[in-house]
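Here's the structure, in structure tokens; my notes come after.
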Amino acid sequence: SMTNPFGTDAMAAGYAAARPPVHARVLADYFGTSPPAPPVRRALDLGCGAGLSTRALEPFAEERIGIEPAVPMLRWTRDVAPGARFAAAAAEALPLRDRLVDLITAAGSLNYVADLPRALIEARRVLTKAGRVLVYDFSAGRRFNDRAGLETWFAAFLARYPYPSSEARPLNPAILAEVALGWTLRRSEPTRIPLTMSLHRYMDYVLTETNVAAAVRRGTSLEAIGGWVSETLPPVWGGEERAVLFEGYWAEFV
């Protein structure tokens, strides 16, 4: 059984404020440099979290709907993505009528769906005939783009606060193509996105990672983890802003 790592108020607040803006860069890559004209009429963002991935759809979809099972996350969506509509629901039981949406996006969320085949049946139900599903994800920013040092620190961070073993299923385009019976993997691309971040921005961001949520659930205080990060990271970082690499993929299914 997979536990949702995002079900606490503190985690939701951090997610709303401190996640890196990778979503918009991935969507721009998927749609090409020019957005679709006319834009997609209606897009559904599965497992939208605090709404960052839904907000990233603004240039590409006239109407945006976000679905999220972790209710604390939804408290932030009005501030994060004021133009979209949101509902608390699971991917396996979408509160939408048939053939309603032209595009479904899932940003690092299908890994947490309990019954993936059921979710894919629901996706097919709510999509228009020409509809498509865009699945994308990116791993933690654990390396500098242009120099060494951060990966060693990140390994120590994970050794101290490990990712929980049972939380998420690993997914990539090949695994998805195997699981998604009746769907065709039309296109997929690896993504490498360097983001320039200050030390403080990066520290805020790493405290939103799921290994931190797991440590907090086990009884470690967020303050204690933040203290360790702010003690050990500055010597590795140095004084200025650094380009941190976020690597992942996108995959389009029809």
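Counting only residues that are assigned to a loop (DSSP other than H, G, I, E, B) and of a type in the set (Lys, Arg), which one in the range 147-176 is farthest from Gly248 (Cα to Cα)? Outline the logic, then answer.
First, the residues of the range 147-176 that are assigned to a loop (DSSP other than H, G, I, E, B): 147-149, 161-172.
Subset that is of a type in the set (Lys, Arg): 147, 169.
Details: Arg147: 20, Arg169: 15 Å.
For the range 147-176, the residue satisfying everything is Arg147.
Any chance you could count how many residues in the range 152-174 are within 25 Å of Leu233 (Cβ to Cβ) and open to solvent by 70 Å² or more (accessible area, probe 1.4 Å)?
Qualifying residue count, the range 152-174: 4.
Residues of the range 134-144 being of a type in the set (Phe, Trp, Tyr), buried (at least 20 other Cβ atoms within 10 Å of the Cβ) and either in contact with a His (Cβ under 7 Å, 6 or more places away or on another chain) or modelled with pLDDT of 95 or more (or both), which ones?
The one that is of a type in the set (Phe, Trp, Tyr), buried (at least 20 other Cβ atoms within 10 Å of the Cβ) and either in contact with a His (Cβ under 7 Å, 6 or more places away or on another chain) or modelled with pLDDT of 95 or more (or both): Tyr136.
Out of everything in the range 37-48 that is open to solvent by 10 Å² or more (accessible area, probe 1.4 Å) and touching a helix residue (DSSP H, G or I) at 6+ places or on another chain (Cβ under 8 Å), what residue ends up being nearest to Arg132 (Cα to Cα)?
So the residue we want is Leu46.
Of the residues Ala106, Ala87, Ala91, which single one is over 27 Å from Pro173 (Cα atoms), among the small types (Gly, Ala, Ser) and modelled with pLDDT of 95 or more?
Working: Ala106 fails: over 27 Å from Pro173 (Cα atoms); Ala91 fails: over 27 Å from Pro173 (Cα atoms).
Answer to the selection: Ala87.
Could you identify the single residue in Val26, Val22 that is at pLDDT 90 or above, buried (at least 24 other Cβ atoms within 10 Å of the Cβ), within 12 Å of the chain's Cα centre (by Cα) and closer than 21 Å to Tyr202 by Cβ?
Values: Val22 fails: buried (at least 24 other Cβ atoms within 10 Å of the Cβ).
Matching residue, one of Val26, Val22: Val26.
A quick yes/no check of all residues on (1) open to solvent by 30 Å² or more (accessible area, probe 1.4 Å); (2) not polar (S, T, N, Q):
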{"residue": "Glu209", "(1), (2)": "no, yes"}
{"residue": "Ala214", "(1), (2)": "no, yes"}
{"residue": "Arg217", "(1), (2)": "yes, yes"}
{"residue": "Ser230", "(1), (2)": "yes, no"}
{"residue": "Glu240", "(1), (2)": "yes, yes"}
{"residue": "Val244", "(1), (2)": "no, yes"}
{"residue": "Glu247", "(1), (2)": "yes, yes"}
{"residue": "Glu252", "(1), (2)": "no, yes"}
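Counting only residues that are touching an Asp or Glu at 6+ places or on another chain (Cβ under 9 Å), more than 22 Å from Ala180 (Cα to Cα) and open to solvent by 20 Å² or more (accessible area, probe 1.4 Å), give me the strands (runs of 3 or more DSSP E) lying completely in the range 56-133 with at least 3 of them.
Values: elements: 61-68, 85-88, 101-107.
Passing ranges, in order: 85-88.
Mind checking which pairs have a first residue in the range 128-154 that is over 15 Å from Ala243 (Cα atoms) and a second that is among the polar types (S, T, N, Q) and open to solvent by less than 50 Å² (accessible area, probe 1.4 Å), Cβ under 7 Å, 6 or more apart or different chains?
Partner pairs satisfying both residue conditions: Leu134/Thr105; Phe138/Thr191; Trp153/Thr232.
Return yes or no: is Thr196 among the polar types (S, T, N, Q), open to solvent by 40 Å² or more (accessible area, probe 1.4 Å) and either out of contact with any helix residue (DSSP H, G or I) (no Cβ under 8 Å at 6 or more places or on another chain) or at pLDDT below 95 (or both)? Please lay out each step first, then the result.
On the way: among the polar types (S, T, N, Q): yes; open to solvent by 40 Å² or more (accessible area, probe 1.4 Å): yes; either out of contact with any helix residue (DSSP H, G or I) (no Cβ under 8 Å at 6 or more places or on another chain) or at pLDDT below 95 (or both): yes.
Taking the combined requirement at face value, the residue satisfies it.
Residues of the range 90-111 being more than 11 Å from the chain's Cα centre (by Cα) and in contact (Cβ under 8 Å) with a residue 60 or more places away in the chain, which ones?
Filtering the range 90-111 for residues more than 11 Å from the chain's Cα centre (by Cα) gives 90-104.
Asp102, Leu103, Ile104, listed by residue number.
Pull out all pairs, ordered by first then second residue, where Cβ-Cβ is under 9 Å, the residues are six or more apart or on different chains, the first lies in the range 22-47 and is within 14 Å of Ala84 (Cα to Cα), and the second is basic (Lys, Arg) and surrounded by 14 or more Cβ atoms within 10 Å (Cβ to Cβ).
Cβ pairs passing all conditions: Arg42/Arg64; Ala43/Arg64; Leu44/Arg64; Asp45/Arg64.
The values are calculated or read from the model by the stated rules, or taken from the named source; none is laboratory data. What you see is a predicted model, and the numbers here were worked out from it, not measured in a lab. Note that we place each Cβ from the backbone using ideal geometry, even for glycine, and neighbour counts take in every protein chain shown. SASA here: full protein model, heavy atoms, side chains in, ligands and nucleic acids out. Shrake-Rupley method; radii C 1.70, N 1.55, O 1.52, S 1.80 Å.
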